[in-house]
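**Student:** This structure is in structure tokens; I'll ask about it shortly.
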Amino acid sequence: MCQTNDRLRPAQILLWVSSVILLSLLLFKSAAYAQEPTPEAPVYRVQSGDTLWSIALRFGVSVDALAEANGISDPGQLVVGQELIIPGLTGFSGYLEAREMPLGETERSLSRKYGISRDAFARLNRLTSPMQLYAGDSLILPEGGTDSLLGRRVALEVGEPPLVAAAMEGTNPWVLALQNGAASPSLLLPSDVLLLPGEADGPGALPPSVADAQVTAPLIQGGTAVIRVEAASEAQGTFLGRALHFFPFESAMVALQGVHALQEPGVYPLQMRLRLPDGTWFTFEQALPVYAGDYPYDPPIYVPPDTLDPAITKPEDEQLASLTAPITPEKRWDGGFVSPVDEAYADCWPSRYGDRRSYNDSGYIYFHTGLDFCGQVGYNIYAAADGVVVFAGETVVRGNMTVIDHGWGVYTVYMHQSKMLVQAGDTVQAGQLIGLVGATGRVTGPHLHFEVWVNGVQVDPWFWLTNVYP
Ligand SMILES: [Zn+2]
């Protein structure tokens, strides 16, 4: 936004640009010819897990054609590292390799980084639309470092002509435009992130002020997504229909989002807005895949009909949802969560999270929202992490229930207690005795039903007991 004093005036820039444009074009051209010798046909190196069929499928050629091009008589005899000529990929030469689609890249930024046209990128990856790509997707790209190609990022500032940006970066605007897939500098967009020759310094579709962007993979039903953006001064976003809440953590901005157990597996957009050092906002969208949790189907359950009466269940569902909705900016937990029961029962689970359930022939529209721990009336219940109690009281379905706020939208819930030993407003510590196991509420016997909520969604508590978030 603000112009610095040491910038060149437009007249000086024009003079300078015209004097270096020819030289730059010559250098650019000669660089393209200065590469090492490469195989004349495109070559793929076999990777672990590949079969002749999977390679044929991936490149859109027949197994026979692939076998013939490589003189293979026994398709079962592939060796990792073996070099296969890929027939039919006209216009390509050199080595190809499989790489994962990173967060913060697009087909456009990767085409630039690897020095191939967007058309070539689409043909290599058999894409009919860039919308098909998602973070974590397996891509085919030319092998080799990006050292001699484009990687170093420059962002055009608001209102800044490409001419000025080019001058500041020691290149000229026509070369800058050509390298970035535009026929003329006037076609470069003000909000575009452009790539210059040099080592990649971060995700190619994100501005230079963002050193890195990551999301936990794989995302599965019942899992917790950790979205991490290095060095954005402020971040906003949405994923799976929920507003994300980013908080500063270490050198990054981090958001946690639970993935609902019944979220349909598929590809969903992660939308982000990042506040740049100059105060402007940069928007970015990328698809993320959500995978099935493969949760088992419990046998049909039959209960007294009034147990399912919405007049009782709905207000209580809403009560718990509103208790776990507030987002406390302070992160109160540190490290992993501890078991809410004694060591002897920590691995005794009569029912696990995610089990699909059908009540009174409802169809499998329900799922088990927590992790059940074995226990008899009077067994100890411990806080899973540091936090503040926001509710401890009686409910009809869930019995005596305690809800603890751990900050950042993370809550734990403890149900069916015979006795509650804390009350709303209490600060508790990980491992602190907070109640006793019971059989209150609608249960068939004493046990602890334990839930973890992350930004409004019940997630699999087992992940939180075995991993450290973020
Ligand atoms: Zn349960």
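The values are calculated or read from the model by the stated rules, or taken from the named source; none is laboratory data. All values derive from a computational prediction rather than experimental measurement. Positions of Cβ are generated from backbone atoms using ideal geometry, with glycine treated the same way; all protein chains shown enter the neighbour counts. What goes into the accessible areas is simple: the full protein's heavy atoms, side chains included, and nothing from ligands, DNA or RNA. Shrake-Rupley method; radii C 1.70, N 1.55, O 1.52, S 1.80 Å.
**Student:** Using a 1.4 angstrom probe on the protein heavy atoms only, could you order 134, 364, 295 from most to least accessible area? Provide the component values of the computation, followed by the final result.
**Tutor:** Numbers: 134 50, 364 85, 295 30 Å².
The ranking, largest first, comes out as 364, 134, 295.
**Student:** With a 1.4 Å probe and every protein chain left in place, tell me how much accessible area residue 228 has, in Å² to the nearest 10.
**Tutor:** Answer for residue 228: close to 40 Å² accessible.
**Student:** Same structure again: Under DSSP H, which helices of the chain have Cα atoms covering 20 Å or more of the helix axis and a Kyte-Doolittle average no less than 0.0? Please report the intermediate quantities before stating the final value.
**Tutor:** Working: long enough: 10-33 (34 Å, 1.57).
What comes out of the filter, once short or polar helices are dropped, is 10-33.
**Student:** For the chain, calculate the relative contact order in percent as a whole number, restricting contacts to Cα pairs under 8 Å that are 6 or more residues apart. If you can, show how the numbers build up before the last one.
**Tutor:** Values: 1034 pairs, mean separation 50.4, N = 470.
Dividing the mean separation by the residue count of the chain yields 11 percent.
**Student:** For the chain, what is the calculated [θ] at 222 nm in deg cm²/dmol (nearest 500), taking -39500 (n - 2.57) for each run of four or more DSSP H residues and dividing by its residue count? List each step's numbers first, then the result.
**Tutor:** Values: 9 runs with 88 residues, N = 470.
Calculated at 222 nm, the ellipticity per residue is -5500 deg cm²/dmol.
**Student:** Could you check the simple spin-label distance between residue 129 and residue 45, using points 7 Å along Cα→Cβ, in nm with one decimal?
**Tutor:** If labels sit at residue 129 and residue 45, their model points lie 3.6 nm apart.
**Student:** Set the Förster distance to 60 Å, then compute FRET efficiency between residue 143 and residue 313 from the Cβ-Cβ distance, nearest 0.05. Display every interim value, and only then the final one.
**Tutor:** Working: r = 57 Å, r/R0 = 0.95.
Result of the calculation: an efficiency of 0.55.
**Student:** May I pose another question? Roughly how many nanometres apart are two label points built 7 Å out from the Cα toward the Cβ at residue 251 and residue 429?
**Tutor:** Here the modelled spin labels are 3.3 nm apart.
**Student:** Under 20 °C and 1.002 mPa s, how fast does segment 293-398 diffuse according to Stokes-Einstein, given a Kirkwood radius computed over C-alpha pairs? Answer in µm²/s, whole number. Display every interim value, and only then the final one.
**Tutor:** Numbers: Rh = 16.6 Å.
Rounded, D is 129 µm²/s.
**Student:** Here's another thing I want to ask about it. Scattering from the C-alpha atoms of the chain alone, worked out with Debye: what is log10 I(q)/I(0) at q = 0.11 1/Å?
**Tutor:** Result of the Debye calculation: -0.97.
**Student:** Straight-line reach from residue 314: which aspartates and glutamates have Cα under 13 Å away, leaving out those fewer than 8 places along the same chain?
**Tutor:** Hits, sequence-local ones excluded: 306.
**Student:** What accessible area per residue, rounded to a whole number of Å², is obtained for the chain using a probe radius of 1.4 Å? Can you show the working numbers first?
**Tutor:** Working: 22450 Å² over 470 residues.
On a per-residue basis, 48 Å².
**Student:** Spin-label point model (7 Å from Cα, Cβ direction): what's the residue 77 to residue 238 distance in nm?
**Tutor:** Here the modelled spin labels are 5.7 nm apart.
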